[in-house]
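*Asks:* Got a structure for you, questions after.
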Amino acid sequence: MLNKFASFAGISGPVVTIIMDGYGIPKSDAGSAIAAARKPTLDRLFAHYPNITLRAHGTAVGMPSDDDMGNSEVGHNAIGAGQIYSQGAALVADAIASGAIWQGEAWRQVVAGAKAGCGTIHFIGLFSDGNVHSHLDHLKAMIVRAREEGIKTVRIHALLDGRDVPETSALDYVEPFEAFLAETNGGVFDAQIASGGGRMTITMDRYEANWNMVARGWRTHVLGEGDQFASAVAAVKELRVKFPGTIDQDLPPFVIVRDGKPVGTIEDGDSVVFYNFRGDRAIEITRAFEEANFDKFDRVRVPQVIYAGMLQYDGDLKLPRRFLVAPPAIQDTSGEWFSRAGITQFACSETQKFGHVTYFWNGNRSGKLAGETYQEVPSDVVPFEQRPWMKAAEIADAMIEALKSGKYRTLRCNFANGDMVGHTGNFRAATMAIEAVDLSLARILPVIDALGGVALITADHGNADEMYELDKKTKLPAQNQDGSFKAKTAHTLNPVPLILYDNATGGKLGLKQTDKAGLSNIAATTANLLGLEKHAKWDESLLVIK
Ligand code: 3PG
Ligand code: CO
């Protein structure tokens with residue numbers, strides 16, 4: 001059990017955690033949609049309430065190195081678990097470096113399955129080195145190994161990124177990759193890109209926000225239906241001309257053909273590896289490959305294949321059944337221990353981030369814990385620069401209702417705006433996104449006051465804090481040839497805020513800034529606010545009692 005906290009009996013009202021997704025603290029205001037936003041509530045919070053910064057990227061959240069930006073998966077894992085685990089990116093890199101991946105049963109079955117069929121392995125996944133969902137180095141290592149194993153044919157289905165990497169960088173990945181294939185091909189070995197498209201148009205939907213994306217992906221990768229091109233380089237170039245201004249993540253699907261025929265439809269007897277390690281955007285396509293009674297769209301033809309994921313994407317639902325590397329085994333999360341302590345918990349977000357405050361928060365565990373209540377607000381299915389307010393108002397409504405119900409001792413929510421709109425690269429929309437969050441805070445905080453509660457206001461990683469690529473030398477926003485700024489769609493390496501909103505104790509509480517303070521310190525801080533000791537495994541609390 002979590003014992004009583006000796007030095008503080010806890011807040012009598014609710015303890016609320018508010019995640020402002022994609023809200024970092026930049027080194028300079030230049031290019032920051034957060035700095036440019038009108039946000040009177042947040043300004044007041046930073047001026048008058050205890051606040052510190054937390055590390056939200058790199059090794060502080062279990063990524064392989066401090067050059068790796070944070071992301072929502074690892075960020076919510078760290079916040080919810082109160083501990084740092086080596087995450088998918090690091091686990092896969094280690095398994096490849098040690099060679100353990102090749103000895104695993106799943107890889108052996110992928111190879112054996114292809115050899116028993118016509119000798120083809122398909123690799124489908126996000127085509128970049130963003131290290132959020134995937135890394136091209138992992139794909140290359142598997143291609144080289146497939147050749148060594150005597151596989152004859154490899155087909156790659158490339159989901160163009162532009163969301164975790166610069167927004168029109170596809171050719172920076174496709175061209176060197178084609179050169180790599182040219183070097184690797186030879187003898188009987190033939191590896192080629194067979195299909196692809198922007199990651200926000202096909203295959204990588206999440207939380208069932210838009211199954212049409214997955215249906216389009218299936219038609220592209222499996223059936224080979226769609227606009228035809230001679231090569232992936234030609235596809236990217238021609239699609240850019242045909243759809244001017246469209247950034248990589250939004251490019252339409254493409255199919256590569258030779259003599260008028262798709263080079264890599266997926267057929268009975270083939271093996272398929274979905275090489276993303278992160279689960280949220282991998283689950284739906286995995287279900288399309290694995291479920292016998294699949295009813296989300298008409299698959300037309302269901303090839304009998306050996307299917308493997310890079311990781312297992314959902315341990316409870318066992319999706320997929322076969323996976324190359326074991327995911328982190330996250331244990332003793334705050335959700336679990338608060339539940340055991342009889343603390344009632346409320347979690348809310350809109351669809352796009354719903355699994356983040358439930359599944360990721362609880363250490364990649366689906367299904368509610370005892371005493372938990374979840375509320376999902378359906379997201380709009382639109383480009384979010386067109387509706388930057390997203391569902392902030394509805395999430396605030398839900399939080400206010402849950403607070404007022406008096407049923408919950410602790411509540412959490414995620415405002416997706418800073419991140420989802422930040423990913424579009426649209427500066428003006430991103431300022432509105434932050435303003436929507438500010439407005440929502442202004443509505444929720446007085447309700448917390450009325451109930452004698454407190455709030456921890458934080459973020460999982462940065463995004464809207466840098467809307468332009470920064471010039472490596474000057475650190476100022478980089479410019480295109482026409483003088484416009486180069487939009488940045490990816491997350492940032494910046495720290496995030498932790499604000500303690502407390503009108504309940506008469507200024508008795510503060511936060512301590514430590515060198516190592518990071519997202520994994522939030523669970524223990526919340527425990528102390530609830531009047532409980534932290535779990536022995538959790539990183540230290542940052543609460544100061546004056
Ligand atoms: C995405 O999946 O949208 C991005 O790759 C990462 O964003 P998130 O980590 O904030 O979800
Ligand atoms: Co994001």
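*Asks:* For Q109, project a label point 7 Å along Cα to C-beta. Then give me every residue of the stretch 311-333 with its amide nitrogen under 14 Å of that point.
*Replies:* Of the residues in the stretch 311-333, 311-313, 318-326 have backbone N under 14 Å from the label point off Q109.
*Asks:* Using the Cα centre as the reference, give the magnitude of the dipole from point charges on the C-beta atoms of the chain (Lys, Arg: +1; Asp, Glu: -1; all else neutral), rounded to the nearest 20 debye.
*Replies:* Numbers: 55 positive and 65 negative charges, 179 e Å.
So the magnitude is around 860 debye.
*Asks:* Take the alpha carbon atoms of the stretch 357-392, find their center, do the same for the stretch 402-418, and report the distance between the two centers in whole angstrom.
*Replies:* Going from one Cα centre to the other spans 12 Å.
*Asks:* Can I ask one more? Report the charge-dipole magnitude of the stretch 89-325 in Debye, nearest 20, computed about the Cα centre from +1 at each Lys and Arg Cβ and -1 at each Asp and Glu Cβ.
*Replies:* Its charge dipole is roughly 400 debye.
*Asks:* Compactness ratio of the stretch 321-470: Cα Rg over 2.2 N^0.38 Å, N = residue count?
*Replies:* 1.12
*Asks:* For S134, enumerate residues with amide H under 5 Å from its amide H, sequence gap 5+ or separate chain, H modeled in the peptide plane.
*Replies:* Counting only residues 5 or more places away or on other chains, the set is F277.
*Asks:* When Lys and Arg each count +1 and Asp and Glu each count -1, what net charge do the other residues less than 10 Å away from A429, Cβ to Cβ, add up to?
*Replies:* Around A429, the surrounding residues sum to +1.
*Asks:* Only Cα pairs under 8 Å and at least 6 apart count here; give the relative contact order of the chain as a rounded whole percent. Before the final figure, lay out the partial values.
*Replies:* Working: 1308 pairs, mean separation 156.4, N = 546.
Reported relative contact order: 29 percent.
*Asks:* Taking the chain as the reference, fit the longest principal axis to its C-alpha atoms, fit the long axis of helix 232-242 to the helix C-alpha atoms, and give the angle between the two in degrees, 0 to 90, nearest 10.
*Replies:* 70
*Asks:* Same structure, new question: Given the DSSP H assignment, sum -39500 (n - 2.57) over each helix run of at least 4 residues in the chain and divide by its residue total; what's the result at 222 nm in deg cm²/dmol, nearest 500?
*Replies:* -9500 deg cm²/dmol
*Asks:* If you don't mind, another one. Give the angle, between 0 and 90 degrees and rounded to the nearest 10, that separates the Cα long axis of helix 72-81 from the longest principal axis of the Cα atoms of the chain.
*Replies:* It works out to around 40 degrees.
*Asks:* For the stretch 185-289, compute the orientation-averaged projected area of the C-alpha convex hull (one quarter of its surface), in nm².
*Replies:* So the mean shadow area of the Cα hull is 7.7 nm².
*Asks:* A follow-up question, please. Compute the orientation-averaged projected area for the chain from the convex hull of its Cα atoms and round it to one decimal in nm². Each step should come with its number before you reach the end.
*Replies:* Working: hull surface 97.7 nm².
Its Cα hull, projected and averaged over all orientations, spans 24.4 nm².
*Asks:* Taking the Cα centre as origin and putting +1 on Lys and Arg beta-carbons and -1 on Asp and Glu beta-carbons, what dipole magnitude results for the stretch 60-151, to the nearest 20 debye? Mind dumping the intermediate values first?
*Replies:* Details: 5 positive and 10 negative charges, 94 e Å.
Dipole size: approximately 460 debye.
*Asks:* Could you compute the net charge surrounding P50? Neighbours are other residues with a C-beta less than 12 Å from the C-beta of P50; K and R count +1, D and E count -1.
*Replies:* +2
*Asks:* Then there's this: Any idea what the alpha-carbon Rg over 2.2 N^0.38 Å comes to for the stretch 89-325? All intermediate terms of the calculation are to be shown ahead of the outcome.
*Replies:* On the way: Rg = 16.2 Å, N = 237, 2.2 N^0.38 = 17.6 Å.
Rounded to two decimals, the normalised Rg is 0.92.
*Asks:* Over the C-alpha atoms of the stretch 7-78, what are the Rg and the largest Cα-to-Cα span, Dmax, in Å?
*Replies:* Rg, Dmax (Cα atoms, Å): 15.3, 44.
*Asks:* In the stretch 89-325, what % of DSSP beta bridges are antiparallel (nearest 5)? The partial results should precede the final answer.
*Replies:* Numbers: 6 of 33 bridges.
Percent antiparallel among DSSP bridges in the stretch 89-325 is about 20.
*Asks:* Only counting other Cβ atoms within 10 Å, I'd like S484, S86 sorted with the fewest neighbours first.
*Replies:* Numbers: S484 10, S86 14.
Ascending number of Cβ neighbours within 10 Å: S484, S86.
*Asks:* If I stretch the segment between K242 and V302 completely, what's the gain in nm (0.36 nm per residue apart, minus their alpha carbon distance), one decimal?
*Replies:* 18.4 nm
*Asks:* Sorted from fewest to most neighbouring beta carbons within 10 Å, what does the list L403, L369, L456, L519 look like?
*Replies:* Least to most surrounded, the residues fall as L369, L403, L456, L519.
*Asks:* Share of antiparallel DSSP beta bridges in the chain, in percent to the nearest 5?
*Replies:* For the chain, the DSSP antiparallel bridge percentage is about 30.
*Asks:* A further question follows. Relative to the first principal axis of the alpha-carbon coordinates of the chain, what is the inclination of helix 105-116, with its axis defined by its Cα atoms, in degrees from 0 to 90 and to the nearest 10?
*Replies:* Tilt of helix 105-116: around 20 degrees.
*Asks:* While we're on this one: Would you mind calculating the gained length between N503 and N293 on full extension (0.36 nm times residue separation, minus the Cα-Cα distance), in nm to one decimal?
*Replies:* On the way: separation 210, 0.36 × 210 = 75.60 nm, distance 5.34 nm.
Residue separation times 0.36 nm, minus the Cα-Cα distance, leaves 70.3 nm.
*Asks:* Taking the beta-carbon count within 10 Å as an exposure proxy, list W361, W107 from fewest neighbours to most.
*Replies:* Numbers: W361 27, W107 24.
In order of increasing Cβ crowding within 10 Å: W107, W361.
*Asks:* How much net charge surrounds V233 when only the other residues with a Cβ under 10 Å from the Cβ of V233 are counted, with Lys and Arg +1 and Asp and Glu -1?
*Replies:* Local charge sum for V233: -2.
*Asks:* Quick one: if you stick a label point 7 Å off each Cα along the C-beta vector at E208 and F46, how many nm between them?
*Replies:* For E208 paired with F46, the spin-label model returns 4.0 nm.
Since every read-out is calculated from the coordinates, none of them should be taken as a lab result. Because the structure is predicted, anything quoted here is derived from the model rather than measured. FYI the Cβ positions are ideal-geometry reconstructions off the backbone, even for glycines, and counts take in every protein chain you see.
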